[in-house]
Amino acid sequence: MKFQSRTKMKEDAINYIKEEIELNLANALAKSSEEIYESNQDYLGILVEFYRGDNNYYQETYCNGKEKYWFNEYWGNHDFFTHSH
């Protein structure tokens, strides 16, 4: 998910968006995948990026497997399947 604005978002606004992702979006996406595959195979990671203009100033990924947590390493190097079972 890419958020772009003219100014940097405040930390409390970023935390609010992250909380909404954890409580609402992640669960809804996991449920839709579970209806098809009986497990969440489509939405194991939700990437969130914040930009001021063209400059990325914040990026984190939400691991949406059985274990749920935020991490800021490059999502392509993360082993989502280890944490999804």
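Every read-out reported here was derived from the displayed coordinates using simple, explicitly stated rules and does not represent laboratory data. Keep in mind it's a predicted model, so treat the numbers as computed, not measured. Cβ coordinates were reconstructed from backbone atoms using ideal geometry, including for glycine residues, and neighbour counts include every protein chain displayed.
Which ³J(HN,Hα) values, rounded to whole Hz and listed in residue order, are derived for region 31-42 from phi using the Karplus coefficients 6.51, -1.76 and 1.60 in 6.51 cos²θ - 1.76 cosθ + 1.60 with θ = phi - 60°, glycine and proline given as x?
Going residue by residue, I get 4, 5, 6, 5, 5, 8, 10, 6, 7, 7, 10, 9 Hz, with x marking Gly and Pro.
With unit charges on the beta carbon (Lys/Arg positive, Asp/Glu negative), name the residue among Cys63, Tyr16, Ala30 whose Cα is farthest towards the positive pole of the charge dipole of region 2-76.
Positive-most Cα among the choices belongs to Tyr16.
Can you give the longest run of the chain that contains no chymotrypsin sites (Phe, Trp or Tyr not before Pro) sitting in a DSSP loop with at most 11 other Cβ atoms inside 10 Å? Please report the intermediate quantities before stating the final value.
Numbers: sites that count: Tyr74, Phe81.
Value returned for the longest uninterrupted segment is 1-73.
May I ask you to evaluate 6.51 cos²θ - 1.76 cosθ + 1.60, the Karplus curve with θ = phi - 60°, for each residue of region 56-69 and list the ³J(HN,Hα) values in order in whole Hz, giving x for glycine and proline?
Coupling constants for region 56-69: 7, 10, 7, 8, 8, 10, 9, 7, 10, x, 4, 8, 10, 6 Hz.
Using only alpha carbon pairs under 8 Å that are at least six residues apart, calculate the relative contact order of the chain and give it in whole percent. Please list the in-between numbers first.
Values: 114 pairs, mean separation 22.6, N = 85.
With pairs under 8 Å counted, the relative contact order is 27 percent.
If amide H atoms are built 1.01 Å from N in the plane of the peptide, which residues on other chains or at least 5 residues away come under 5 Å of the amide H of Tyr58?
Residues meeting the amide H criterion: Phe50.
If exposed trypsin sites (Lys or Arg not before Pro) are those in a DSSP loop with at most 13 other Cβ within 10 Å, what is the longest stretch of the chain that has none? Kindly include the intermediate steps, with their values, before the conclusion.
Details: sites that count: Arg6, Lys10, Lys66.
Between the exposed loop sites, the longest stretch runs 11-65.
Between the helical axis of 11-20 and the dominant principal axis of the chain, each derived from Cα atoms, what acute angle in degrees is found, rounded to the nearest 10?
On a 0 to 90 degree scale, this one is about 20.
For the chain, with only Lys/Arg (+1) and Asp/Glu (-1) charged at the beta-carbon, what is the dipole magnitude about the Cα centre, in debye rounded to 20? Write out the running numbers ahead of the final one.
On the way: 9 positive and 15 negative charges, 79 e Å.
Here the size comes out at about 380 debye.
Would you calculate, for the chain, the mean residue ellipticity at 222 nm contributed by helices, counting each DSSP H stretch of 4 or more residues as -39,500 (n - 2.57) and dividing by all residues, to the nearest 500? Kindly include the intermediate steps, with their values, before the conclusion.
Working: 2 runs with 22 residues, N = 85.
Computed ellipticity for the chain at 222 nm equals -8000 deg cm²/dmol.
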